[in-house]
Structure formats: C-alpha cells, structure tokens
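The values are calculated or read from the model by the stated rules, or taken from the named source; none is laboratory data. None of the values given here were measured: they were computed from a predicted structure. Cβ atoms come from the backbone with ideal geometry, glycine included; neighbour counts cover every protein chain shown.
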Amino acid sequence: MTTQPSSPLKFMTLERHIIEGEHLHPGATGQYSALLHGLSLAAKLVWREVSKAGLVNVLGTTDRMNISGDVVRKLDEFADQTIYRMMDHLGHLCVMASEENEDLLHIPEAYPSGKYVLLYDPLDGSSNIDANVTIGSIFSLYQRVTAEKKPGLPDVLQPGNRQIGAGYILYGPSLMFVYCTGHGVHGFTFDPSVGEFLLSHENIRIPARGSIYSMNEGNYGRWNSGMQRYARWLKEPDEPTGRPYSSRYIGSLVADVHRTLLYGGMYCYPGDSKHPDGKLRLMYENNPLAYIVEQAGGGAINGRQRILDVVPNSLHERSPLFIGSAEEVKIVQEFLEGKR
Ligand code: AFP
C-alpha cells in the first residue's frame, strides 16, 4: 500500500530563503543576498576545520594576543582569516571589522568596493575549543554612511539600531546558521549528506518568561548590590514565580544566548568592581545578539539603556549585557535600578 503524505514536504534551503527574502524588497540588487551567501559558505569552511579539531593540529594557541588581551587560538585565527577572505572580493562590502583585529579591515584595492559594512566575531567562546564545547561566529551588517572615497570609522561605529541584518553560526552537535534581516529570526541546520543548510527553526519567538538564568557567578563578590540581590532572588524558592530558576552557563555567549532564545530565560554579563563595563564587546557580540533577540520578541539592555541605542565610541568597547525574555529583562532592570 502506498501512503501519501498529508501535506507536501517543504525543504527550504538557506539559499532559497535568502532569495525569497530579497523578493520582499522590490529593487533589491542581490548584493545583500550575496553577502549572506558568502557568510554561509564561510561557516561551512570554518566548521570543516572545527569538526577536525583534535585530529589535526588546529587546537591550542598562537603566540599572539588580540586587542582585548586574550590569547589568540589557532582556530580563532583560521576563522578570522576565512571570513575576511570569503568576503573581501565580493564587491559588496566597503569595510569590515573583526573582534580579532585592532583596526578596520579594508578591502584590497584590487577588488571593487560596495555599500555594506560587516562586523564579526570570528570565534566566540574560543576558550572552550580545546574541550570540544559549542562555539560560534557572530556577524552584523550595516549600510555605509560616509561619502568619501575611503570608508572610515563612522561606517563602523554605528549604533546597533542601524543594523540591517545580523546572525550567528553555531559549531555545536550540529552546524547551525541563524539570521535575521528584519523579517523574523530563522534557524537553519546543516545537512552534511546534501551539503545544504535546511530550515529547521522558522520564525523563532523567545518565550516571554523563562526559568533558566545564565551568568558567571564566580564574579558575584564584585557585583553591585542590585545585581547581587537579583542573583539571590533567582535562587529563592517561590512557586508562583517559578523560582528557584535553573542555572546554565556554557561560557560561550553565542551558545548561551541561543539556548535562551529557544527556551526563554535570562543571560547576564554585568560590569563589576574590577571591570565596570563587563567583558563582552558591544560591536561584535552585544549588538548583533540584541538585534536578533529583540526581533524574536525579547529584550537586551546594558543596565541603563537598550543595547541597540548605545552610541559606540570605539571599535572594541565593552558593555554589560542583560539579554533574554521580555519579562525577565524587566525584572533584572528593576533590581539594577534599586526598585527591588
Ligand atoms: P572568547 O571568544 O575570547 O573565548 O570570549 C568568550 C566570551 O566573550 C563569551 O563568549 C563568554 O560568554 C565569556 O567570554 C565567558 O567569560 P567568563 O569566563 O568571564 O565567564
């Protein structure tokens, strides 16, 4: 007996999804789509290397420190160069900036320059690499704002609310590409048997509330009193509010935020007495993730204001981050403002 599927099977590749997205913008030239396509190709190349970690000589550190004072690992360097080389010759970018490089990354003169700007964190959570824990790449896209021949800092130092797209790639048990161009947040899982990213998480919406919190509580003693009160509140038993919450902390921001996006809850990286602005980078980590989480119905603040409204002063500036379910962000904000 043959059985007919009750509804036709729909396989949506990332490529087709990007093109369908382009059709929502009459007059689109395809340049923006080409950028997303380039990034998805870079993801596969980085994944190829990450998935061999442990077998070939890609684990461990280089002898360099990056601008943030972190030791550069071999895979950091590989991911950084792979993304740059994949994107530099497409003709759609005018400039790039990467968490691993102190200065702007200009497009070589031999290649045409375009109207878009790319910021990226090539390998977030890289201190987890050697333990085979999920890591990721994060990217953020802007439109060029300067008119001079050579693009400059103003093109890159734009507030997060000017992003025209953002996404991340997760190198975990499977390879995932999650992106948003202002029309919902969509997740694609790589199917190695066909070599394609296939739509697996359509229109992700973050639950309005959650019962998981994620923070490095080793820093508790250096937090301000509002943050300490909040951390204690999360652990107090209280049935009506679902407390105590569960604690989960991977230590790869991109993976912690991905879990928060799917399950709901709260991720916090506050400033403390030693590092008043925390550890995370506004341009490469906080802005793209805030854009995605907000587009999925959640929120992201730095304790004083919405992350996306912060006007950046420098390429590598750090900022506290409180990101997650809309209701949970309101609660933490009340603690930080001393209202609880
Ligand atoms: P790396 O990419 O240098 O490993 O930075 C990772 C990170 O910025 C973020 O992904 C983690 O959530 C955070 O640092 C972990 O840092 P702590 O050790 O302070 O919790």
- Considering only segment 72-100, state which residues are under 16 Å from Gly152 (Cα atoms) and of a type in the set (Ser, Thr, Tyr). Ser98
- Hits in segment 267-293 (condition: more than 18 Å from Ser252 (Cβ to Cβ), of a type in the set (D, E, K, R) and touching a Leu at 6+ places or on another chain (Cβ under 7 Å)): none
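Can you name every residue in segment 311-340 that is in a loop (DSSP other than H, G, I, E, B) and buried (at least 21 other Cβ atoms within 10 Å of the Cβ)?
Let us first name the residues in segment 311-340 that are in a loop (DSSP other than H, G, I, E, B), namely 311-317, 319-320, 325, 337-340.
Within segment 311-340, Leu315, Ser319, Pro320, Ser325 meet the criteria.
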- Message: One residue is enough: does segment 131-142 have a residue meeting the conditions surrounded by 15 or more Cβ atoms within 10 Å (Cβ to Cβ) and either more than 20 Å from the chain's Cα centre (by Cα) or among the charged types (D, E, K, R) (or both)?
- Response: no
- Query: Of all residues in segment 144-182, how many are over 19 Å from Gln295 (Cα atoms) and of a type outside the set (A, V, I, L, M, F, W, C)?
  - Reply: 13
- Task: Tell me, please, whether a residue that is farther than 24 Å from Ala300 by Cβ, in contact with a Phe, Trp or Tyr (Cβ under 9 Å, 6 or more places away or on another chain) and not small (Gly, Ala, Ser) can be found in segment 165-186.
- Result: yes
- Query: Has segment 292-304 got any residue that is among the acidic types (Asp, Glu) and either in contact with a Phe, Trp or Tyr (Cβ under 6 Å, 6 or more places away or on another chain) or crowded, with 21+ Cβ neighbours inside 10 Å (or both)?
  - Reply: yes
- Can you pull out the residues in segment 293-308 that are within 17 Å of the chain's Cα centre (by Cα) and not basic (Lys, Arg)? Val293, Glu294, Gln295, Ala296, Gly297, Gly298, Gly299, Ala300, Ile301, Asn302, Ile307, Leu308
- Task: Please work out which residue is surrounded by the most Cβ atoms within 10 Å (Cβ to Cβ), limiting yourself to segment 151-198 and to residues that are small (Gly, Ala, Ser) and over 16 Å from Met96 (Cβ atoms).
- Result: Gly160
- Out of the residues in segment 229-259 that are within 14 Å of the ligand (Cβ to nearest atom) and touching a Ser or Thr at 6+ places or on another chain (Cβ under 6 Å), which is nearest to Arg318 (Cα to Cα)? Ser252
- Has segment 70-85 got any residue that is modelled with pLDDT under 85, within 14 Å of the ligand (Cβ to nearest atom), out of contact with any Leu (no Cβ under 8 Å at 6 or more places or on another chain) and not β-branched (Val, Ile, Thr)? yes
- Item | Subset of segment 125-159 [within 16 Å of the ligand (Cβ to nearest atom), in a loop (DSSP other than H, G, I, E, B) and in contact with a helix residue (DSSP H, G or I) (Cβ under 7 Å, 6 or more places away or on another chain)] | Gly125, Thr134
- Item | The one condition in (1) at pLDDT below 70; (2) within 24 Å of Pro288 (Cβ to Cβ) that Asn57 fails to fulfil | (2)
- Item | Failed item, numbered, when Leu262 is tested on (1) outside any loop (DSSP other than H, G, I, E, B); (2) away from the ligand (no atom under 15 Å from the Cβ); (3) closer than 24 Å to Val117 by Cβ | (3)
